[in-house]
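S.K.: First the structure, which I've put down as structure tokens, then a few questions once you've had a look.
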Amino acid sequence: MSDRLLGALTRRRASLLLLAVVLCLPPFYLDAFWLRIGLFSLAAAIGATGLALLSGTAGQLSLGHAFFLAVGAYGYAWLAGEPGPGLPPALAALLAVLLAGAAGGLFSPVAARVKGIYLGIATLALVFLGHHVLLTADSVTGGFNGRSVPPLTLGGFTFAESDPELTVLGVPFGAEERLWFLGLALFAFTWFTARGLLRSRPGRALAALRDSETAAAVMGVDVARHRSAAFVVSSMYAGLAGVLLALAFRRVVPDYFSLALSVDYLAMIVIGGLGSVAGATAGAVFVTALPLLMTRYADQLPLVAAPGSAEGAVGPTEAARYLYGAAIVLVLLYAPDGLHGLARRVQDRLRRRRSRTPAPDTVVPSPPQPAARPKEHTP
């Protein structure tokens, strides 16, 4: 049994190592467009992981995820930029994540006492309030036109196109190539911390709280404290995603952090699978990449008009929303546990089929034949 477990762990480590190597290759082979899609998908996966912990694991509905993304993005832009304190970018990024967590902590008393659709409506107010502040606080946010984002610098290395130019294996590394590896590092940190949290005692308490609040309270789970903690952790993941989005966009504007963005994140975790880090990642890639791909190939797709076409035509963004809206309906009808659950069921079915199929060199013994009975003579 120990040998089998050791073999499974070895295969898992080899798979993770192979995946890490594959994810490090795109900057050497793909152009800036595909790297930009990957960056936006990585940032969305970080934010969707936080929402999956809140909604999928703790069972709390939130429509205010865009607000905490905005806190992280604008917090970094203001703390590291001018006008602003002009802090070192690495310190500004850390403080922006903590600022998003503090914003979640200020709202956590509401999250501790309200649940379901009532919590969703309460968090919806955060989006409208935040959008109003972003438009009116010109000295901090830049108003309607937003503000530029200072590049991140770590130990003298700048994650932007700057002098001196960087060339790795004959490939020039610009802003997208450099940010790709930063996004991978932040996503890996999110992946392992979130999975560790789900497998820990607080994660099991949140799952019990989602299944039955009364049963969780009987088992000794502090309902209000765990709800508040889940909201704070989710807000910090959203703030980290906001920092990465700001670095990828290089300019933040208020209209991006609207209610539509919160709905997109809900679509990510529903399509990918509630309460699953891998499912949130798959849903984030699907919802983020689909409109960008449809925008690029709009002239080759039927019933989709190119951006800027005549009024009344279905643009790529609207068509993408229709498609992943249909995907949500299909998931709710045929795969309630999302893409992650569907992939797991397919994998289990293939594993059972392989276990039933005998090896080519294995001789299957034929069933024993009944012994021949002597023929009875008729008297």
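The values are calculated or read from the model by the stated rules, or taken from the named source; none is laboratory data. This is a predicted model, so every value here is computed, not measured. No Cβ is skipped: glycine too gets one built from the backbone with ideal geometry, and neighbour counts run over all protein chains shown. Ligands, DNA and RNA are excluded from the accessible area calculation, which covers all protein heavy atoms including side chains. Shrake-Rupley method; radii C 1.70, N 1.55, O 1.52, S 1.80 Å.
S.K.: Sort out which residues of the stretch 27-80 are open to solvent by less than 20 Å² (accessible area, probe 1.4 Å), closer than 19 Å to Leu129 by Cα and part of a helix (DSSP H, G or I), and write them in order of number.
M.R.: Correct list: His65, Ala66, Phe68, Leu69, Ala70, Gly72, Ala73, Tyr74, Gly75.
S.K.: On to the next question. Is it the case that some residue within the stretch 181-197 is more than 23 Å from the chain's Cα centre (by Cα) and within 26 Å of Ala92 (Cβ to Cβ)?
M.R.: For the stretch 181-197, residues more than 23 Å from the chain's Cα centre (by Cα) and within 26 Å of Ala92 (Cβ to Cβ): absent.
S.K.: Leu339 passes all but one of (1) under 16 Å from the mean Cα position of the chain (by Cα); (2) open to solvent by less than 60 Å² (accessible area, probe 1.4 Å); (3) modelled with pLDDT under 85; (4) not acidic (Asp, Glu); which number fails?
M.R.: Result: Leu339 fails condition (2) only.
S.K.: Next up: Going through the stretch 92-106 one residue at a time, which ones are open to solvent by 30 Å² or more (accessible area, probe 1.4 Å), free of Cβ contacts under 8 Å to residues at least 60 places away in the same chain and either among the small types (Gly, Ala, Ser) or within 13 Å of Leu240 (Cα to Cα) (or both)?
M.R.: Leu94, Leu95, Ala102
S.K.: Which one is farthest from Ala326 (Cα to Cα) among residues in the stretch 283-306 that are touching a residue at least 60 places away in the same chain (Cβ under 8 Å) and not hydroxyl-bearing (Ser, Thr, Tyr)?
M.R.: Residues of the stretch 283-306 that are touching a residue at least 60 places away in the same chain (Cβ under 8 Å), as a first pass: 283-285, 287-289, 292-293, 296.
Now narrow it down to the ones that are not hydroxyl-bearing (Ser, Thr, Tyr): 283-285, 287, 289, 292-293, 296.
Numbers: Gly283: 14, Ala284: 16, Val285: 16, Val287: 12, Ala289: 16, Leu292: 18, Leu293: 18, Arg296: 21 Å.
Ranking the candidates gives Arg296 first.
S.K.: Something else now. Can you tell me which residue in the stretch 289-314 is modelled with the lowest pLDDT, limited to those that are assigned to a loop (DSSP other than H, G, I, E, B) and open to solvent by less than 50 Å² (accessible area, probe 1.4 Å)? So that I can check it myself, show each step before the final result.
M.R.: Keep residues of the stretch 289-314 that are assigned to a loop (DSSP other than H, G, I, E, B), which gives 297, 301-314.
From what's left, open to solvent by less than 50 Å² (accessible area, probe 1.4 Å): 304-306.
Numbers: Val304: 75, Ala305: 73, Ala306: 69.
Per the criteria, the residue is Ala306.
S.K.: Kindly indicate the residue of the stretch 350-363 that is open to solvent by less than 100 Å² (accessible area, probe 1.4 Å) and either modelled with pLDDT under 55 or assigned to a helix (DSSP H, G or I) (or both) and also farthest from Val285 (Cα to Cα) among those meeting that condition.
M.R.: Just the residues of the stretch 350-363 that are open to solvent by less than 100 Å² (accessible area, probe 1.4 Å), to begin with: 350, 355, 357-359, 362.
Those left that are additionally either modelled with pLDDT under 55 or assigned to a helix (DSSP H, G or I) (or both): 350, 355, 359, 362.
Details: Leu350: 25, Ser355: 33, Ala359: 38, Thr362: 43 Å.
Out of the qualifying residues, it is Thr362.
S.K.: Taking the stretch 241-288 only, how many residues are open to solvent by 20 Å² or more (accessible area, probe 1.4 Å) and closer than 18 Å to Thr141 by Cα?
M.R.: Adding up the residues that qualify gives 7.
S.K.: When you go through Tyr76, Tyr29 one by one, which is the residue that is modelled with pLDDT under 90 and of a type in the set (Ser, Thr, Tyr)?
M.R.: On the way: Tyr76 fails: modelled with pLDDT under 90.
Tyr29 is the lone residue from the list that is modelled with pLDDT under 90 and of a type in the set (Ser, Thr, Tyr).
S.K.: For the stretch 142-161, enumerate the residues that are farther than 18 Å from Ala70 by Cα and either surrounded by 15 or more Cβ atoms within 10 Å (Cβ to Cβ) or of a type in the set (Lys, Arg) (or both). Walk me through how you get there before you give the answer.
M.R.: Let us first name the residues in the stretch 142-161 that are farther than 18 Å from Ala70 by Cα, namely 153-161.
Those that are farther than 18 Å from Ala70 by Cα and either surrounded by 15 or more Cβ atoms within 10 Å (Cβ to Cβ) or of a type in the set (Lys, Arg) (or both): Thr153, Thr158, Phe159, Ala160, Glu161.
S.K.: For Gln347, all conditions in the list (1) touching a residue at least 12 places away in the same chain (Cβ under 8 Å); (2) open to solvent by 60 Å² or more (accessible area, probe 1.4 Å); (3) polar (S, T, N, Q) hold save one; what is the number of the exception?
M.R.: (1)
S.K.: Now, a different point. Is it true that some residue in the stretch 58-78 is among the aliphatic types (A, V, I, L, M), farther than 22 Å from Tyr265 by Cα and within 21 Å of the chain's Cα centre (by Cα)?
M.R.: Residues of the stretch 58-78 among the aliphatic types (A, V, I, L, M): 58, 61, 63, 66, 69-71, 73, 77.
Of the ones still in play, those that are also farther than 22 Å from Tyr265 by Cα are 77.
Those still in the list that are within 21 Å of the chain's Cα centre (by Cα) too: none.
No.
S.K.: Give the residues of the stretch 162-180 that are out of contact with any strand residue (DSSP E or B) (no Cβ under 8 Å at 6 or more places or on another chain), at pLDDT 75 or above and open to solvent by less than 90 Å² (accessible area, probe 1.4 Å), sorted by residue number.
M.R.: As a first pass, look at the stretch 162-180 and keep what is out of contact with any strand residue (DSSP E or B) (no Cβ under 8 Å at 6 or more places or on another chain): 162-164, 168-171, 174-176, 179-180.
Next, from what is left, pick out any that are at pLDDT 75 or above: 169, 174-176, 179-180.
Within the stretch 162-180, Gly174, Ala175, Glu176, Leu179, Trp180 meet the criteria.
S.K.: Taking the options Ser228, Ser234, name whichever one is touching a residue at least 60 places away in the same chain (Cβ under 8 Å) and buried (at least 24 other Cβ atoms within 10 Å of the Cβ).
M.R.: Exactly one of Ser228, Ser234 is touching a residue at least 60 places away in the same chain (Cβ under 8 Å) and buried (at least 24 other Cβ atoms within 10 Å of the Cβ), namely Ser234.
S.K.: A further question follows. Restricting attention to the stretch 107-125, which residues are in contact (Cβ under 8 Å) with a residue 60 or more places away in the chain, open to solvent by 20 Å² or more (accessible area, probe 1.4 Å) and part of a helix (DSSP H, G or I)? Explain how you work it out, then say what you get.
M.R.: We begin by selecting, within the stretch 107-125, every residue in contact (Cβ under 8 Å) with a residue 60 or more places away in the chain; these are 107-109, 111-113, 115, 123-125.
After this cut, where a residue has to be open to solvent by 20 Å² or more (accessible area, probe 1.4 Å) as well, the list is 107, 109, 113, 115, 124-125.
Within the stretch 107-125, Phe107, Pro109, Arg113, Leu124, Ala125 qualify.
S.K.: Show the residue pairs meeting these rules: Cβ distance below 8 Å; 6+ apart or different chains; first residue within the stretch 7-26 and open to solvent by 60 Å² or more (accessible area, probe 1.4 Å); second residue among the β-branched types (Val, Ile, Thr) and at pLDDT below 75.
M.R.: none
S.K.: I'd like to verify a number: residues in the stretch 265-275 that are over 10 Å from the mean Cα position of the chain (by Cα) and closer than 12 Å to Asp337 by Cβ, how many?
M.R.: Step one: list which residues in the stretch 265-275 are over 10 Å from the mean Cα position of the chain (by Cα), which gives 266-267, 270-271, 273-275.
Within this subset, residues satisfying the condition of being closer than 12 Å to Asp337 by Cβ are 270-271, 273-275.
Matching residues across the stretch 265-275 total 5.
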